[in-house]
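Nothing in this text is a laboratory measurement; each read-out follows from the coordinates by a stated rule. Computed from a prediction, not measured in an experiment: that's the story for all the values here. Virtual Cβ from ideal backbone geometry, glycine too; neighbours counted across all protein chains shown.
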Amino acid sequence: MDEEMVRERDARAYEAVHDAADFKELKRRYKNFVVPWTIAFMAWYLAYVACNNWARGFMNHQVVGHVNVALIFGLLQFVSTFSIAALYGRFANRKLDPLAHGLNAKYKRERRR
């Protein structure tokens, strides 16, 4: 089989998957998770940066010993990052992976044609 035929076969398989309703649903589910969580995280991060710049009195408030609000907020950035990653992992396993596996199988079937 020459290279041109392989490219055409791969292109047909890709188009078949791209046009599938499951692919559109996969993209919709992905966007519905990623966009709100990205906006929420960026708002939280920008609030942290803004408070460090313009609310220094609040951020310097001692909570326990030498631990201040800024340190707690900074550590919570790591907690929120890992929490969102864990939520995404669970979401992907339950809602995205089944569709992706089906689309992968469809792609492989189409390539064999």
Exercise. Set Lys and Arg Cβ to +1 and Asp and Glu Cβ to -1, take the dipole of region 3-112 about its Cα centre, and tell me which of 78, 36, 54 lies farthest positive.
Key: 36
Quiz item: For 101, 66, what ranking results if the residue with the fewest other Cβ atoms within 10 Å of its Cβ goes first?
Solution: 66, 101
Quiz item: How large is the dipole of the chain about the Cα centre if only Lys and Arg carry +1 and Asp and Glu carry -1, each at its Cβ, rounded to the nearest 20 debye?
Solution: 380
Self-check item: P(r) tail fraction, the chain - alpha-carbon pairs more than 22 Å apart, %
Solution: 57
Exercise. Just grab the label-to-label distance for residue 47 and residue 106, each label 7 Å out from Cα along the Cβ direction, in nm (one decimal).
Key: 4.0
Exercise. Give me the distance between the Cα centres of region 80-105 and region 1-41, rounded to whole Å.
Key: 15
Exercise. Determine Rg/Rh for region 13-59; Rg is computed over alpha-carbon atoms and Rh is the Kirkwood hydrodynamic estimate from the same atoms.
Key: 1.42
Self-check item: 18 Å cut-off, amide nitrogen to a point 7 angstrom out along residue 72 Cα→Cβ, residues in region 36-59
Solution: 44-45, 47-53, 55-59
